[in-house]
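Read the structure below first, then the notes.
The values are calculated or read from the model by the stated rules, or taken from the named source; none is laboratory data. On a predicted model such as this, the values are computed, not experimentally measured, just so you know. So basically every Cβ, Gly included, is an ideal-geometry build from the backbone, and we count neighbours across all protein chains shown. We work out accessible area using only protein heavy atoms, side chains counted, and drop any ligands, DNA or RNA first. Shrake-Rupley method; radii C 1.70, N 1.55, O 1.52, S 1.80 Å.
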Amino acid sequence: MAHLRLGEILFKQGLITQDQLTQAIQMQSKEGGGRLGEILIRMGILTEEDIVAALGSQLNIPFSHKDDNPLKPRVDQGLDKVVPYEFAKTNLVLPISKEGNTLTCAVEDPLDLLIVDNLKMVSGYDINLIIATRTDIMAMVHDFYTTMQSQRVTSSVAQGTKEQKEEEPSVKSDEKIAAPPPQEKNVAVDKLIEKAEEAPVIKLVDLIIRQAIEQRASDIHIEPYKDKISLRYRIDGSLYHIPPPAKNLLLPIVSRLKILSKLDIAEKRLPQDGAITFKLDDRVVDLRFSTVPTVWGEKVVMRILDKAAVPLELTNLGFNEKQLDRIRKSLVRPYGLFFVTGPTGSGKSTTLYASLNETIDPKKNILTAEDPVEFKLDGINQVAMRPDIGLSFATALKAFLRQDPDVIMVGEVRDIETAQICVRAALTGHFVLSTLHTNDAASAITRLVDIGIEPYLLTPSLTMIVAQRLARRLCTKCKEPVEPDPDLFGGIKFKSDLIYTHAGCDECNHTGYRGRIVVTESMLIDDDIRSLISKKANASEICDAARKNGMDTLFEDGIKKVEAGITSFDEVLSVTTSD
């Protein structure tokens with residue numbers, strides 16, 4: 001039996017004792033099967049490297065890490081066709097190279113003869129094995145097949161488009177680019193449109209967007225450099241490199257995206273903004289498109305606004321019951337100011353939309369001023385800001401007050417005029433929701449006072465301030481338990497016996513995290529805090545009063561989520577500050 005043979009090998013090499021082997025086999029029997037190696041790893045007796053190195057030594061099979069050349073597949077031999085992706089992913093098999101009738105593959109368990117036989121049948125080759133860890137094989141399978149898919153599409157584009165030189169001449173620092181004559185400009189635009197609408201370019205742009213949506217990316221970055229293009233996706237707040245297309249495809253790609261965004265494809269010297277509607281299977285995804293000119297060409301960023309992927313409900317964002325109760329008590333008030341605060345990228349807009357969802361009622365007139373409108377919601381009158389024609393937040397708010405509103409949402413309070421109108425609206429019987437850029441809830445009060453709002457106006461108008469960050473959720477498939485020793489965690493004493501840390505698997509693209517959750521503090525404005533506002537107390541005094549009345553700080557809320565096994569201690573430290 002394969003499992004027993006593995007146990008014998010590990011025992012023979014002195015890596016485990018007979019008692020440990022017996023315990024592992026008993027656990028295996030109790031669990032109704034499973035790999036003995038995985039059980040030994042879970043028991044903390046051995047590591048992946050210990051097991052595969054022992055197997056390789058006993059069976060005389062080379063052992064390789066993912067950073068070693070022997071574990072890097074050849075990209076010029078069509079190996080992704082010889083071993084299909086689904087087979088490689090399911091059976092943890094990585095094709096490395098082929099020579100004559102022999103195919104070299106990396107496997108985790110060379111004792112599993114069924115996989116080796118199936119591999120021989122699927123590929124039609126004799127099999128030569130090397131051995132690697134499960135983690136390394138999963139990572140390399142993902143990278144290799146993603147690279148091959150990208151190269152195949154890029155090759156198709158290259159065949160369908162002729163080699164073309166960069167449209168812009170290289171310019172020295174003391175030179176100026178002269179505007180082309182009208183006739184030459186029209187010819188250049190015609191060529192760009194022709195290239196952008198060729199089928200292979202359309203297919204490549206479609207692949208870049210589709211793959212980003214499928215990988216749950218929030219942003220797509222296309223960045224030109226001297227000899228290459230960089231393609232990166234932002235997933236769960238971090239940027240990851242994706243195999244990019246060839247440099248000569250930059251102009252057709254950008255031109256295609258500009259056509260979809262209804263922008264001027266001839267304008268390459270000024271930043272441009274637009275929007276794209278992308279249909280993915282049975283759902284529609286909106287993308288915000290932005291370009292900026294760099295020394296090597298136009299850099300593109302697309303923000304993906306997938307309403308189906310964003311939970312626009314407070315219960316799905318990660319608020320606990322106490323926080324939800326506080327927020328909902330504020331949202332049912334007929335008037336007042338409700339703020340969501342945090343830095344850029346902390347999920348303020350999502351929380352604001354989810355809060356706005358709670359107020360939707362056929363009996364209410366709801367208007368929003370947004371820059372830009374990120375999600376289109378039924379039952380709400382949404383207005384996009386146009387500063388270029390004078391439609392600012394302040395201008396829109398003045399108009400809203402003549403529209404008989406019940407609820408007003410303002411994308412952001414940026415200046416004294418907008419803040420004053422928001423306060424005035426709240427004091428005259430309207431419920432106003434907005435965002436501020438502050439580090440915590442208490443600082444929002446001092447910020448409003450600093451920009452010119454009198455404390456006597458804030459005292460009756462403020463109802464709730466929610467400060468938040470976004471922390472990555474641990475992947476439920478691969479998170480690993482650790483004992484919360486205070487010496488290892490900055491002296492913090494956790495209430496749970498076990499907390500979890502990240503590991504990495506195919507499900508989470510080997511990051512150890514999948515999805516994000518809010519870490520938050522919810523400050524309900526009560527009489528104690530109103531008294532402090534009137535006295536012009538500082539943020540620290542206001543925060544202390546809120547904590548006495550039951551508010552958890554960002555860090556305290558993060559620790560509770562660590563104790564619940566939702567995120568890791570390292571992740572909480574990266575997004576909050578400990579007291």
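Here are some notes:
- Anisotropy class of the range 300-385 from Cα gyration tensor, a/c 1.5 cut: oblate
- Label separation (Ala564 vs Asp388): 4.4 nm, computed from points 7 Å beyond Cα along the C-beta direction.
- Solvent exposure of the chain amounts to 50 Å² per residue of accessible area, where only protein heavy atoms count and the probe is 1.4 Å.
- When each of Lys203/Lys307; Lys299/Lys479; Lys72/Lys477; Lys89/Lys299; Lys81/Lys247 is checked by Cα-Cα distance, pairs over 28 Å: Lys299/Lys479; Lys89/Lys299
- By accessible area with a 1.4 Å probe, ligands and nucleic acids excluded, highest first: order of Thr511, Thr476: Thr476, Thr511
- Taking the accessible area of the range 39-144, probe 1.4 Å, and keeping the other protein chains in place, the carbon and sulfur fraction comes to 48%.
- In range of the label at Asn248: residues from the range 277-305 whose backbone nitrogen is under 20 Å from the point 7 Å along Cα→Cβ: 296-298
- Using all pairs of distinct alpha-carbon atoms, the Kirkwood hydrodynamic radius of the range 465-579 works out to 15.5 angstrom.
- Taking the chain as a whole, the Cys residues whose C-beta sits 4.7 Å or farther from every other Cys C-beta are Cys105, Cys422, Cys543.
- The label-point distance for Lys495 and Arg283, in a model that sets each label 7 Å from Cα toward Cβ, rounds to 3.4 nm.
- The chain - Debye-derived log10 I(q)/I(0), Cα point model, q = 0.05 Å⁻¹: -0.30
- Extension gain for the segment Ile360 to Val449, taken as residue separation times 0.36 nm less the Cα-Cα distance, is 29.0 nm to one decimal.
- Viscosity 1.567 mPa s, 4 °C: Kirkwood-radius Stokes-Einstein D of the range 372-412 over Cα pairs, µm²/s: 117 µm²/s
- The orientation-averaged shadow of the Cα convex hull for the range 330-378, equal to a quarter of the hull surface, comes to 4.0 nm².
- Set of aspartates and glutamates near Lys12 by C-alpha distance (under 19 Å), chain-local residues within fewer than 8 positions excluded: Glu38, Glu48, Glu49, Asp50, Asp109
- Residues in the range 200-207 carry Karplus couplings, in order, of x, 5, 4, 5, 5, 4, 4, 5 Hz; the curve used is 6.51 cos²θ - 1.76 cosθ + 1.60 with θ = phi - 60°, and Gly or Pro positions show x.
- Atom-type composition of the exposed protein surface of the range 421-545 places 46 percent of the accessible area on carbon and sulfur (1.4 angstrom probe).
- Spin-label pair Leu324-Ser574: with each label point 7 Å from Cα along the Cα-Cβ axis, the two points sit 2.8 nm from one another.
- Estimated FRET transfer efficiency (Ser238, Phe87; beta-carbon r; R0 35 Å; 0.05): 0.70
- Measuring how big the range 351-476 is from its alpha-carbon positions, Rg and Dmax come out at 15.1, 51 Å.
- 3J(HN,Hα) from dihedral phi, the range 549-560, Karplus parametrisation 6.51/-1.76/1.60, rounded to Hz, x for glycine, proline: 8, x, 7, 8, 6, 3, 5, 5, 5, x, 4, 4
- For the range 437-453, Karplus couplings with θ = phi - 60° (6.51, -1.76, 1.60), whole Hz, Gly/Pro x: 9, 9, 7, 8, 5, 4, 5, 5, 5, 5, 5, 4, 5, 4, 7, x, 7
- Relative contact order (%) - criterion: Cα under 8 Å, at least six apart; region: the chain: 9 percent
- Rolling a 1.4 Å probe over the protein chains gives Met121 an accessible area of about 150 Å².
- With every protein chain in place, the range 296-343: carbon and sulfur % of accessible area (1.4 Å): 57 percent
- Binned Cα-Cα distance frequencies in the range 38-121 - 5 Å width, integer %: 3, 13, 22, 24, 21, 11, 4, 2, 0
- With 10 Å bins from 0: P(r) over the range 412-539, alpha-carbon pairs, percent: 11, 29, 21, 17, 18, 3
- Stretch gain in nm, segment Lys376-Glu214, where the contour uses 0.36 nm per residue and the Cα spacing is subtracted: 56.2 nm
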